[in-house]
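The values are calculated or read from the model by the stated rules, or taken from the named source; none is laboratory data. Fair warning: this is a prediction, and the values are worked out from it, not measured in the lab. In this analysis, Cβ positions are derived from the backbone assuming ideal geometry, glycine residues included, and neighbour counts consider all displayed protein chains. For the accessible areas, the whole protein counts, side chains as well, though only heavy atoms, and no ligand, DNA or RNA atoms are used. Shrake-Rupley method; radii C 1.70, N 1.55, O 1.52, S 1.80 Å.
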Amino acid sequence: MPVIQRKICLLGEFAVGKTSLIRRFVHNRFEADYLATIGVHISRKEVVLPEHDTTVVLVLWDLSGGEMASSLEEAYYRGGAGALLVADVLRPDTVAVLNTYAMTYTRINPGAALVFACNKMDLVPDETPYRLKLAEIAQRWRAPFFLTSARDGRGVEDAFRALAYLVARR
């Protein structure tokens, strides 16, 4: 089975749960203590795609949030095959700004795969309004979207697997 490696950036404002999503996906754990990512933290995880007879090694770049379009941030984006764009369900402004992150990322990496996630869904009783807003942005980019919770694991594996499938075809 061939093995391919792809750089994936996690993008979004600070404290939306990018690091927590990576921890859940890579180590299957959640830590409630918040520590802001400074600069970039890199993790790896293999995703076996039997339907494509391929293994994709996702090299996950966990970028500090809120520094969109800085020259350093843009340098981190270079060479990316895909991005998971993350918003916080409790902060509607973090959903709206995903469009700007997507524009910057795809300008630097034309043709890159995008997947959108609205995180912390374990904290709201009704997902409908969030699903509709995220669907609107994802549709604009012709990208899949997921409602996730790093705390209980909801949607996390699905979001990263979708990204693995998309980048495997590039």
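Considering (1) of a type outside the set (Gly, Ala, Ser); (2) under 20 Å from VAL16 (Cβ atoms); (3) not in a helix (DSSP H, G or I), say which one ILE137 fails and leave the rest.
Condition not satisfied by ILE137: (3).
Being modelled with pLDDT of 95 or more, surrounded by 15 or more Cβ atoms within 10 Å (Cβ to Cβ) and of a type in the set (D, E, K, R) is the requirement here; does ARG24 meet it?
Working: modelled with pLDDT of 95 or more: yes; surrounded by 15 or more Cβ atoms within 10 Å (Cβ to Cβ): yes; of a type in the set (D, E, K, R): yes.
In short, yes.
Looking for whichever is modelled with pLDDT of 95 or more, assigned to a loop (DSSP other than H, G, I, E, B) and surrounded by fewer than 17 Cβ atoms within 10 Å (Cβ to Cβ) here; the options are ARG170, ARG142, ARG154. Which one fits? Outline the logic, then answer.
Working: ARG170 fails: modelled with pLDDT of 95 or more; ARG154 fails: surrounded by fewer than 17 Cβ atoms within 10 Å (Cβ to Cβ).
Just a single option satisfies the conditions, and that option is ARG142.
Which one of the conditions (1) over 25 Å from ALA75 (Cβ atoms); (2) in contact (Cβ under 8 Å) with a residue 40 or more places away in the chain does ASN99 fail to meet, given that it meets all the rest?
The single condition ASN99 does not satisfy is (1).
Of the residues in the stretch 86-131, how many are assigned to a strand (DSSP E or B), under 19 Å from ALA164 (Cβ atoms) and either of a type in the set (Gly, Ala, Ser) or at pLDDT below 95 (or both)?
Keep residues of the stretch 86-131 that are assigned to a strand (DSSP E or B), which gives 86-88, 113-119.
From what is left, the residues that are under 19 Å from ALA164 (Cβ atoms) are 86, 113-117, 119.
Now restrict to residues that are either of a type in the set (Gly, Ala, Ser) or at pLDDT below 95 (or both): 113, 117.
So the answer is 2.
With the requirement that a residue be open to solvent by less than 10 Å² (accessible area, probe 1.4 Å) and part of a strand (DSSP E or B), what does the stretch 1-18 give you?
Correct list: ILE8, CYS9, LEU10, LEU11.
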